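Okay, so here's the structure we're looking at.
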There are 4 protein chains.
Amino acid sequence: MSHSATIRVRFYELDPYEHVNHSVYIQYFEAARAQWLTEIGFSLAKLKADGIQIVVTEIRTRYLGSAGPSDVLTVESELVDVRRASMTFHQRIKRNDETLVEQTISAATVTTAGRPTRIPIELVEALQGPG
Amino acid sequence: MSHSATIRVRFYELDPYEHVNHSVYIQYFEAARAQWLTEIGFSLAKLKADGIQIVVTEIRTRYLGSAGPSDVLTVESELVDVRRASMTFHQRIKRNDETLVEQTISAATVTTAGRPTRIPIELVEALQGPG
Amino acid sequence: MSHSATIRVRFYELDPYEHVNHSVYIQYFEAARAQWLTEIGFSLAKLKADGIQIVVTEIRTRYLGSAGPSDVLTVESELVDVRRASMTFHQRIKRNDETLVEQTISAATVTTAGRPTRIPIELVEALQGPG
Amino acid sequence: MSHSATIRVRFYELDPYEHVNHSVYIQYFEAARAQWLTEIGFSLAKLKADGIQIVVTEIRTRYLGSAGPSDVLTVESELVDVRRASMTFHQRIKRNDETLVEQTISAATVTTAGRPTRIPIELVEALQGPG
């Protein structure tokens, strides 16, 4: 299953080069993942209430192009690997058909005390579901 | 004339109180004004290319409620005063019918060298237009 | 009593006008207040653990100048009014002797459930203390 | 040669997990690189005035720990590879002796029109200099 989100570039996200600062795409990727989780009934707030936090352990991000003022972007997200207490997503930010940024991100599920904890099976099923 | 924009709260915009940090609404307000200007053909990029910058000179912002995870908000903007080289907007951020934040903001038009310059009459007409 | 904090402008905080975006000063002001509270033993984390949140209710901010790349700024903060469950601060951001931004900010103390609650007397004394 | 910068965590950079959001470390890393460049006389503003932009092409970031309220962090940066029109840095964010985040980042030098351009030899020498 994969997810698609729409993001509109905001003026303050541009830096003096007049394109979106590279750190902002990391925020777009997170926003898209959080939106996906919310849409399938596992918002970060709900998970937190259940005592589970999803913490990012590694990102690998390649910048192929750059977004500018008023661009409307699509963030595509896909779950590519699931372990007992970690997941890996592949994500892409596109402007129309052009991929601007792509990212592989790994995250772990931990308790609020920071200890690894099993990913809820229902969450895995929802992320892998028929979409 | 007035303008309405839609903003979806992003996870990283929440602070440890689990609501949107008060500085973020200032960003939402700016994003909505910039979107309005773009939609009427006066994007900040175009204005800058014409040698004009719109700089904020004063904001007065009242916080009446707070937004949380996954909220979808509406930003309403209205031009309430125009002078030779300055404008004042009134803006409101709402969740459904509830006003969470309201702001009066004044901005000046300056040259790229920072000197006051007359607001283009076409811009004023577009902001005051029939909508 | 008053407090002084030092802030160094970061590149991503600049917008295409090559100066610090106006929303960022709101973040600088908050950072300075939070640093002050931490230094006098009332960090926002400690207050939260005690069941108290400080929420901003109104800001009035005037922009007199602008900061650019690599500027090192001073944020001066002063408590100017205290009520039962609210406080008002006056703050200034300066580059050397030039005031770039000044702000009056009111905040309320509320419980984690959002109900008004009395400001701890020790906090008021610390903010008003001899410095 | 390597560079060390100090960063103080700001309240709004914390997310509902009460630690610094993972995107913020990317901003810290950039701030540290920009500070380094400024200190050796090659600020991003100066480079831009010379027609050169440094654009990030890839980051690989590992999160080993997390920073919380009021933490004061050290960002260590080191140039590990230089090509004709690209550079690679290794960076680390530490709290005392504990490494919280480490990053390998590649950046390219391009003209303001976005075409690859040779890194100024003086810049390379300054980055590799005796410190």
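The table below gives the values:
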quantity: Table column - 3J(HN,Hα) (Hz), the stretch B:81-91, Karplus curve with 6.51, -1.76, 1.60, x for Gly and Pro; calculated: 7, 9, 10, 4, 9, 7, 9, 10, 10, 10, 9
quantity: Long-range amide H partners of B:L73 with built H, under 5 Å; calculated: B:I7, B:R8, B:V9
quantity: MRE, 222 nm, helices only [DSSP H, n ≥ 4, -39500 (n - 2.57), over chain C, to nearest 500]; calculated: -7500 deg cm²/dmol
quantity: Surface/4 of the Cα convex hull for the stretch C:1-130, nm²; calculated: 8.2
quantity: When each of A:K46/C:K94; B:K46/D:K94; A:K48/B:K94 is checked by Cα-Cα distance, pairs over 31 Å; calculated: A:K46/C:K94; B:K46/D:K94
quantity: Two-decimal log10 I(q)/I(0) for the protein assembly as shown, as the Debye equation yields it once each C-alpha is a single scatterer, q = 0.05, 0.10 Å⁻¹; calculated: -0.19, -0.83
quantity: Global size of the stretch A:59-131 as Cα Rg and Dmax, reported in angstrom; calculated: 15.2, 42
quantity: Nearest-0.05 FRET efficiency for C:E76 and D:E78, computed from C-beta distance (R0 45 Å); calculated: 0.80
quantity: Inter-chain Cβ neighbour average for residues D:88-101, partner chain, 10 Å; calculated: 0
quantity: Fluctuation leader among B:E13, B:E102, B:E76 - chain B, Gaussian network, Cα springs under 10 angstrom; calculated: B:E13
quantity: Using alpha-carbon coordinates, inclination of helix A:22-39 to the longest axis of chain A, degrees; calculated: 40
quantity: Residues B:F11, D:F42 arranged by fewest to most Cβ contacts within 10 Å; calculated: D:F42, B:F11
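Just so you know, all these numbers are worked out from the coordinates, no wet-lab data involved. If you're wondering where the values come from, they're calculated on a predicted model, not measured in any experiment. Reconstructed Cβ throughout: ideal geometry from the backbone, glycine too, with neighbour counts over all protein chains shown.
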